[in-house]
Amino acid sequence: MAMPKSLLALCAAVGLTLTASGCSSTPSNDGPEQVNLRWAMSADSQAEVDVWKHLADMVHEKHPNITVTFESTAFQSYYDKLNTQAASNSLPCIAGLQAQRVPDVGKLFKDLKPLYEKDTSFSLASYEESITKGLTQDGKQLAVPYDLGPYVLYYNKDMFDAAGIPAPKPGWTKDEFLAAAKALTNDGKYGYAADGTPDMWLPYVLSIGGDYLKDGEPDLTNDKVVEGFSFVTGLATDEKVAPVVPATGTANWPADQFRNGNAAMYIDGPWQLINAKKNVDFTLGLATVPAFDGKSVTTMSGTGFGVTAACEHPEEAWKAVSVIIGKDAQEYIANAGRGFPAYTEAQELWYSTASVDGAKEAIDAALETVDVYETAPKWNRLSALLQQYAVEAFSGSKSPRDVLTQVQQQVSQ
């Protein structure tokens, strides 16, 4: 018997809705319902994409009725895209969430607690408490972390050796840093690279005793913030040991300068190790951010995976997430060097497989004084504005204070 047109239309509408909300299902007479889930995460290299796709395969291997399709977006536009997808009812079922972005996009995620409390194989206590707390909002656990880590200084050991300069060690000072950067700057190569993204310069603000938030809101124009920002921009304008940031404000530009051998040092998190090791032909080393008057304080970041509020199959999505952040996956991530595992039992494996000079010493030292890196609403916009307008401070066409004032005014509107 032919199906009525009205019923056909209803079925089509339901199918479109399920697909738009990041999942679809196929009835099965032979076992559990077959469920297809979309999973979104930022990735800035094929090496990262390969890691995430492998984890998606691990989900299907453990739960044959669940198929996860991975979707990658460059980090710079990832969170804007999540908001756009939410507005168009096309969010994926599973998504990555960085702790610093919780104030902006936390509302897009479900509370995982009702899901994992029914899962006897899962314990939140197996993960670093500092980052699990960072992925909460209003008492809701929005994601379970896969990684965390302090921002540390990456350095090109070959360039240090060629210049006859001792490799930096945890606790090295601002003066030692400047002396090394000057000695390493010659023949079109630079000692350091940075841009205007907060991650690149907030550690210097913290190390001189500054604070970038006041009453939970950005406070970019106080003297300590201006001093820390001016120190970093001055590496290009005054000390001439860092290249001028291009007007285009290219994402990951400092990392590219480092990996291409154009800059001997820059700061980043442990999660960048996979890209660095696969894309450089020199020996890597890690150290702490230089100390100011004996004080080196860096920021910490971390990312987890959660189930979006629009997901039509939260139970299956949690099963997928529990594999993605589970012990086997965390050990795989550690071996790949994708990130310093939030799963505590996998951390020693990361150190042993990283095989990078000073990695354990630098990360352990940084974690002793690390700032939790709290953020405020509109942080994603603030970061984009800083990257855009800081170009003028790095070129010397506008003072660091004026740039920060401009960003402060726009983000407060």
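What follows draws every value from the coordinates through simple rules; no lab data is involved. Every value quoted in this text rests on a predicted model; they were computed, and no experiment measured them. Glycine also receives a Cβ, built like all others from the backbone with ideal geometry; neighbour counts cover every protein chain displayed.
List of remarks:
- Fluctuation leader among TYR146, TYR79, TYR192 - the chain, Gaussian network, Cα springs under 10 angstrom: TYR79
- Listed candidates (1) 33.4, 116; (2) 22.7, 85; (3) 21.5, 67 - label of the one calculated as Rg and Dmax of the Cα atoms in Å: (2)
- GNM result for the chain, Cα springs below 10 Å: residue of THR308, THR353, THR185 fluctuating most strongly: THR353
- Helix-only CD estimate at 222 nm, as mean residue ellipticity for the chain, using -39500 (n - 2.57) per DSSP H run (n ≥ 4): -13500 deg cm²/dmol
- Burial ranking of peptide ranges 331-337, 318-324 (average Cβ count within 10 Å, highest at the top): 318-324, 331-337
- Label-point gap, in nm, between GLU33 and LYS113 - each point 7 angstrom along Cα→Cβ: 2.7
- Reduced Cα scattering model of the stretch 303-364, Debye log10 I(q)/I(0), q = 0.20, 0.21 Å⁻¹: -0.75, -0.79
- Ratio of the Cα radius of gyration of the stretch 197-291 to 2.2 N^0.38 Å, where N counts its residues: 1.18
- Rough spin-label spacing in nm, given labels placed 7 Å along Cα→Cβ, for THR369 and LEU124: 3.2
- For the stretch 311-360 versus the stretch 149-179, the inter-centroid distance based on Cα atoms is 28 Å.
- Fully extending the segment from ALA47 to THR405 would add 125.0 nm, taking 0.36 nm per residue of separation and subtracting the current Cα-Cα distance.
- Charge dipole (debye, nearest 20) of the chain; +1 at Cβ of Lys and Arg, -1 at Cβ of Asp and Glu: 760
- Between 0 and 90°, nearest 10: helix 46-62 axis offset from the chain longest Cα axis: 30
- Computed from Cα positions, the angle between helix 359-369 and the longest principal axis of the chain comes to roughly 90 degrees.
- Alpha carbon convex hull of the stretch 290-338, volume per residue in cubic angstrom: 123
- Of all DSSP beta bridges in the chain, antiparallel share, percent nearest 5: 70
- Applied to the stretch 137-144, the Karplus parametrisation 6.51 cos²θ - 1.76 cosθ + 1.60 on θ = phi - 60° returns per-residue 3J(HN,Hα) values of 8, 6, x, 9, 8, 7, 7, 10 Hz, with x for Gly and Pro.
- In degrees, nearest ten, helix 5-20 long axis to first principal axis of the chain (Cα): 30
- Applying both filters, DSSP loop and at most 14 other Cβ atoms within 10 Å, to the trypsin sites (Lys or Arg not before Pro) of the stretch 36-141 gives LYS118.
- The equivalent ellipsoid of the stretch 21-132 has semi-axes of 23, 19, 16 Å, largest first, where each one is the square root of 5 times an eigenvalue of the Cα gyration tensor.
- For TYR373, distant residues with modelled amide H under 5 Å away: MET300
- GNM flexibility winner over the chain from ALA87, ALA263, ALA362 (Cα, springs under 10 Å): ALA87
- Along principal axes, Cα extents of the stretch 108-184, largest first, whole Å: 59, 25, 22
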